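This report concerns only the one structure given below.
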Amino acid sequence: MNKSSFSSLGFADLAAGENLGRAELARILGATEPAEIEAVRAAAERVLLENCGDGVYLRGLVEASNACACDCFYCGIRKSNRNVHRYTLEADEIVACARQCAEMGYGSMVIQSGERSDKKFIDLVAGAVERIKAETRSEEEPEGLGITLCIGQQTYETYKHLYEAGAHRYLLRIETTNPELFAKLHPEDQIFESRVECLVMLHDIGFQVGTGVMIGLPGQTLDDLAGDILFFRQHDIDMIGMGPFIPHPDTPLGGEPFPDVKDRVRLALLMIAATRLALRDVNIASTTALQALDPIGREKGLKFGANVIMPQVTPQDVRRDYQLYPGKPCLEENAGECQSCLGMRIEFAGRKIGYHQWGDSLHARKRRERTKA
Ligand code: 5AD
């Protein structure tokens, strides 16, 4: 352990970071010296290994539809972007992707889409979830694949319906927890407080709840990012997915100046590490957006404290139509190629793949034990 670089950040022991406050987290996020960054990384990796072990859990990612009713100023599939060819997979196609996940030993999948709340779409997702739970049972996975949904803000009734269909995790990024910044990134009808309410509802219903933010948004400060980590703690969040903001040319924020890519990757990695130091037992994904900026960005994410990876299983012919930001990797590979490439990448990071497991976060498991007791 490199004490001198800890002390240059002003900490006696970063790995005892459970009680890190806002100013301290902001200071970690501002590390620029290689020795300081390495000290933060090593501490985060140690906290991860001690708390969660060396497993990396896989969630096969199916991008079920790029149709979206929202107009977020940063997102490539926002409804006003006329350059996008819109698609929605059939239930059979989603189920086929799930079967592929099960065959490849991914214990879980994520069904992600643009935000739509029309009955036809919700029925499609709920129907697919029911079929997947029934059709992916096996000796190795008696309860079928674990299913995470990521389909935006919905009503309590819709969330409940989806939970009862068999999904047990839900991801809804808050994007930023600074309400003023949130308001600058979204049209007036998208309200910060309603998104927070959705996170509360999801917990109430029984979902394991994930959220996350974009890192490096125009106007975002280190203090904002430190506040994001405190928000995750305050809201008892089980899973975190965060990635660097990447301007998309067909959006209102497309012309934002883009700081040095290396700086942006460094900040995203420090955000993963700071979150691991502060939250300890949650699942943190090493996201595709990191790899869009750095060919080994996802491996680096694992070394900075992440323990989840979401390999692509979206059918190849529509992958290109689901581009939230430019530079999305893995557009040409098929699901099998993504699997073997990822296997090598995870081993390269010195970790083990948790095949045939749901890979729920320890944080969620502990809460379940508490409520059972
Ligand atoms: N850069 C990085 N991430 C983005 N997302 C949307 N647009 C961008 C962008 N331009 C993220 C948002 C959203 C998730 C699905 O993708 O955080 O919640």
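Structure summary
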quantity: Cross-link pairs beyond the 28 Å C-alpha cut-off, checked among Lys160/Lys372; Lys133/Lys303; Lys303/Lys372; calculated: Lys133/Lys303; Lys303/Lys372
quantity: Within the accessible area of the chain (1.4 Å probe), percent carbon and sulfur; calculated: 52 percent
quantity: The chain - Cys residues lacking any other Cys C-beta under 4.7 Å; calculated: Cys52, Cys68, Cys70, Cys97, Cys101, Cys150, Cys198, Cys330, Cys338, Cys341
quantity: For Leu171, residues with placed amide H under 5 Å, excluding near neighbours; calculated: Leu149, Cys150, Ile151, Gly210
quantity: Environment charge of Gln291, counting only residues whose C-beta is closer than 10 Å and scoring Lys/Arg +1, Asp/Glu -1; calculated: +2
quantity: On Cα atoms only, tilt of 192-205 relative to the major axis of the chain in degrees; calculated: 70 degrees
quantity: In degrees, nearest ten, helix 91-103 long axis to first principal axis of the chain (Cα); calculated: 50 degrees
quantity: Cys341 versus Asp71: modelled label distance in nm, points set 7 Å from Cα along the beta carbon direction; calculated: 3.6 nm
quantity: Candidate residues Cys198, Cys52: accessible-area rank, largest first, probe 1.4 Å; calculated: Cys52, Cys198
quantity: Amide H contacts under 5 Å for Gly60, placed H, 5+ residues apart; calculated: Ser108, Met109, Val110
quantity: Accessible heavy-atom area order of His248, His85, highest first, probe of 1.4 Å; calculated: His85, His248
quantity: Using θ = phi - 60° and Karplus 6.51 cos²θ - 1.76 cosθ + 1.60, couplings along the range 343-357 (whole Hz; Gly, Pro as x); calculated: x, 5, 5, 5, 5, 4, 7, x, 10, 10, 7, x, 5, 6, 9
quantity: Two-site label geometry, Arg46 and Glu139: point separation in nm, points 7 Å out along Cα→Cβ; calculated: 4.3 nm
quantity: The chain: antiparallel DSSP beta bridges as a percent of all, rounded to 5; calculated: 5 percent
quantity: Within-12-Å neighbourhood charge of Glu143 [Cβ basis; K, R +1; D, E -1]; calculated: -2
quantity: Rounded, prolate or oblate (a/c below 1.5 giving rounded, otherwise prolate when a/b exceeds b/c) for the range 3-372 by Cα gyration tensor; calculated: rounded
quantity: Accessible area in the full protein assembly, largest first, 1.4 Å probe, for Arg320, Arg345; calculated: Arg320, Arg345
quantity: Extension reserve of the Tyr355-Glu38 stretch, reckoned as 0.36 nm per residue once the Cα distance is removed; calculated: 111.2 nm
quantity: Karplus 3J(HN,Hα) series, Hz, for the range 43-51 with 6.51 cos²θ - 1.76 cosθ + 1.60 (x for Gly, Pro); calculated: 5, 5, 5, 5, 4, 4, 5, 5, 8
quantity: Distance between the range 258-334 and the range 156-219 - C-alpha centres, whole angstrom; calculated: 20 Å
quantity: Per residue accessible area of the chain, 1.4 Å probe, in Å²; calculated: 41 Å²
quantity: Residues whose placed amide H lies under 5 Å from that of Ile215, excluding near-sequence neighbours; calculated: Gly243, Phe245
quantity: In degrees, nearest ten, helix 362-372 long axis to first principal axis of the chain (Cα); calculated: 70 degrees
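The values are calculated or read from the model by the stated rules, or taken from the named source; none is laboratory data. All of these numbers come straight from a predicted model, not from anything done at the bench. In this analysis, Cβ positions are derived from the backbone assuming ideal geometry, glycine residues included, and neighbour counts consider all displayed protein chains. Just the protein is used for accessible areas: all its heavy atoms, side chains included, with ligands, DNA and RNA removed. Shrake-Rupley method; radii C 1.70, N 1.55, O 1.52, S 1.80 Å.
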